[in-house]
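Taking it in order: structure first as structure tokens, then the write-up.
The values are calculated or read from the model by the stated rules, or taken from the named source; none is laboratory data. No experiment lies behind these values; they were computed from the predicted model shown. All Cβ positions, glycine included, derive from the backbone under ideal geometry; neighbour counts span all protein chains shown.
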């Protein structure tokens, strides 16, 4: 596994070493000791989640406030998505910045999103199976979000607005400037 810091250094792109042969392929999708050595702190994933979507389904931008904040390790098993991460740590040098990375069944990339970041993705293929690990359980009272089309953030979702399929809940999220944010830049 190769780990690459993104433009927001705490967010890490994970590129697996894939072994292909006439039977198919094999790769390690997670190895705790190697992963923690790279990021420099322990992450104790407690739950795996899976979501199925179609092209244009946009989920996000979601996060949970402390003490229920979550780190995520996301990947695509089928199809492809544009994965978007927004820094919501008030005192961080990258506060209000975002990164967008296409992850797919072909490239087998994974993205590590630490606590202190909002996350969302949009399906780019006809069918998407999206999986992710979290290091904290869901808490409805701590759940927050940011509207996907906030002009301040200026996220290019790579699809035309009329192609997007968005839940009523996600359409009602606040602007970035009105969202609850992390008051420090601690990610774990």
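Determine which member of the set 13, 58 is closer than 18 Å to residue 134 by Cα, touching a strand residue (DSSP E or B) at 6+ places or on another chain (Cβ under 7 Å) and in contact (Cβ under 8 Å) with a residue 40 or more places away in the chain.
13
Restricting to segment 138-175, what's the tally of residues that are under 19 Å from the mean Cα position of the chain (by Cα) and under 19 Å from residue 102 (Cβ atoms)?
10
I need the strands (runs of 3 or more DSSP E) fully contained in segment 1-83, keeping only those with at least 2 residues that are under 22 Å from residue 125 (Cα atoms) and modelled with pLDDT of 95 or more.
12-15, 47-54, 57-64, 72-78
Which numbered condition trips up residue 108, out of (1) on the phi < 0 side of the Ramachandran plot; (2) under 15 Å from the mean Cα position of the chain (by Cα)?
Failing condition for residue 108: (1).
So, residue 35, is that one under 24 Å from residue 102 (Cβ atoms) and more than 17 Å from the chain's Cα centre (by Cα) or not?
Values: under 24 Å from residue 102 (Cβ atoms): yes; more than 17 Å from the chain's Cα centre (by Cα): no.
No.
Where the second residue is part of a helix (DSSP H, G or I) and the first is closer than 25 Å to residue 94 by Cα and lies in segment 150-164, which pairs have Cβ atoms under 7 Å and are six or more apart or on separate chains?
Going by the 7 Å Cβ cut-off, the qualifying pairs are 150/176; 152/176; 152/177; 153/176.
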